[in-house]
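Each value in this text was obtained by applying a stated rule to the coordinates, not by laboratory testing. Since this is a predicted model, take the numbers as computed values, not measurements. All Cβ positions, glycine included, derive from the backbone under ideal geometry; neighbour counts span all protein chains shown.
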Amino acid sequence: MTERSYTATIGLEVHVELATKSKMFCGCRNQPHGSEPNAHICPVCLAHPGTLPVPNEEAIASILLFGQAVGAQAATYSEFDRKQYFYPDIPKAYQLSQYAYPFLTGGAIKGVALTRVHLEEDTARSQHDKGDYSLVDFNRAGVPLMELVTEPVIHSATAAGDFARELQLTLRTLGIAHVNMERGEMRVEANISVSQTDTLGTKVEVKNLNSFKSVESAIAYEIERQVALLEQGEGVAQETRGWDEVKQRTYLQRSKETAKDYRYFPDPDIPKMSIQDHMYFSRLSEKTIELPEEKRKKYKDIGLPSNQIETIIQSDFLDTYFAQVVKLAMDVATTPSVLPLAANYLTSDVVWLRGKGTPMHLSAKHFLELISLLERGVITSRVAKDLLPELLESNAAPEVLANQRGLIRSADTNALSVILQQVIVDNESVVAEYRAGKAASLQFLIGQVMKISKGTADPALAREELLKLLS
Ligand SMILES: [Zn+2]
């Protein structure tokens, strides 16, 4: 008997704190991290009776911009709803969210279809670890949260992780959220089910996924747990589970609420919104933001390998810097091989030097000049690598500096033959090794030539001449 294997089906819900200046419904500063507790509060976000919420225009503009980027349908009409539930960190006893009329529907990221995206307010933050009492910090209360729900179209833990990474990158590129997962600025929940038929199995919701790794580990664990239950003839219960990072397993939190439990109804204090009339809407299309997929295509056409492309577009510094280099190169019409060479030096040598703490003052213009000198054969790669640390710090003009130091590649064969003679005399034993058949010794001798010439000798010419002298 052949049994059909299990297919996992995953849908994600992601909450993202938007990086607006003020909170979602009041004028308090939107700075939930790194401030004294309860520094950014007012009667509105403390839920005092009689206060009135005013929706944040910048937050709505942000979600509409996101909608454009992912090809979502923007609502023509929208409203906010009250989602009823009580927690000490939500003293209104309801959260302002959206139910029937989200700002966005549809769209896709990395081929994963989106169901809807809406705006809501974050809750305050409770602390239970100080003693036999709890503390509540309201700095986070009322921070604009974008909630995104995908269709259940993801079928593996890795694909879920890839989606979350691309979402983070897209939000960063748009500049509408900081999306640091370790700070809770992006929080993922996964709905997971397994089935051997075309009918979906019972879904389990896993919360508290605060890193890409925990997204992937929790989903992989849950798929295995559900398959094991079904194999033992037991059913999967519809429930909400948490993720235990230490034990690397999910655990039961509570049975799942349904929309009915929340008693959603339209908030009577906030006016209904006609989006098309909104002033931001017309401004949005004027913005030109290059999305990750567009950058990938452009850099692939330039001839960059995909691992380098990812290194560049995932780093704020490299992304901005390389974009400047590309723009300059286009302006001065450099040869096609300059940009791959520039990407190479940027993602290896420059990244390494910055990692060691070298300050980065080298302008994109001078960096491109250095790479062009190298590409045209005016300097050798040895000289380029030697000059780089100094250039990073001083932003000197590379060609001027190379000239001052006498580091321009030399085609002077007389000078070269003097150096070659000296290297052969100084390294008798290595020469003997080479003659005895140790081919690697040649590389050492070329290295000596480069050293004595301060990197100005042409390595190919040095090799050729050495071979002649040693044969
Ligand atoms: Zn406030």
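Observations on the model:
- The chain, Rg to Rh (Cα coordinates; Rh as Kirkwood inverse mean 1/r): 1.12
- Net charge, ASP331 excluded, C-beta distance under 14 Å - Lys, Arg +1, Asp, Glu -1: +1
- Helix-only mean residue ellipticity at 222 nm for the chain, each DSSP H run of n ≥ 4 adding -39500 (n - 2.57), per residue, nearest 500: -12000 deg cm²/dmol
- Projecting the alpha carbon convex hull of region 413-470 along each direction and taking the average yields 3.3 nm².
- In terms of other Cβ atoms within 10 Å, GLU369, GLU185, GLU464 run from fewest to most in the order GLU464, GLU369, GLU185.
- Rg(Cα) / (2.2 N^0.38 Å) computed for region 379-428, rounded to two decimals: 1.44
- Spread over its residues, the convex hull of the C-alpha atoms of region 7-284 is 140 Å³ per residue.
- LYS298/ASN180 FRET efficiency (R0 25 Å; Cβ-Cβ; nearest 0.05): 0.40
- All distinct Cα pairs of region 120-174 go into the 1/r average, and the inverse of that average, the Kirkwood radius, is 14.3 Å.
- Length available on full extension from THR413 to ALA39: 0.36 nm per residue minus the Cα-Cα distance, which gives 127.4 nm.
- The mean sequence separation of alpha-carbon pairs under 8 Å and at least six residues apart, normalised by the residue count of the chain, gives a relative contact order of 13 percent.
- Residues within the reach of a label modelled at ALA460 (point 7 angstrom out along Cα to beta-carbon, backbone nitrogen below 15 Å), restricted to region 356-397, are 374-382.
- Region 41-153: relative contact order as a whole-number percent, Cα under 8 Å and 6+ apart: 24 percent
- Cα radius of gyration and Dmax for region 192-241 (Å): 11.3, 33
- Sorting 265-273, 374-382 by their mean Cβ neighbour count within 10 Å, with the most densely packed peptide first, gives 374-382, 265-273.
- Net length gained if the chain between GLN248 and PHE86 were fully extended (0.36 nm per residue, minus Cα distance): 55.3 nm
- Per-residue Cβ neighbour rank within 10 angstrom, fewest leading, TYR434, TYR77: TYR77, TYR434
- Computed over every Cα-Cα pair of region 84-125 and binned at 5 Å starting from 0, the pair-distance distribution P(r) comes out as 6, 20, 19, 16, 15, 11, 10, 3 percent.
- Once the Cα-Cα distance is subtracted from the 0.36 nm per residue extended length, the GLU151 to LEU52 segment shows a gain of 32.2 nm.
- Förster radius 56 Å - calculated FRET efficiency between THR76 and GLN127, Cβ distance, rounded to 0.05: 0.85
- Pairwise Cα distances in region 292-404 exceed 22 Å for 27 percent of all pairs.
- Radius ratio Rg over Rh of region 56-106, counting only Cα atoms, Kirkwood formula for Rh: 1.08
- When the alpha-carbon atoms of region 1-141 are used, the pair Rg, Dmax equals 18.5, 68 angstrom.
- Taking 20 °C and 1.002 mPa s as conditions, region 1-66 diffuses translationally at an estimated 141 µm²/s according to Stokes-Einstein applied to its Kirkwood radius (Cα pairs).
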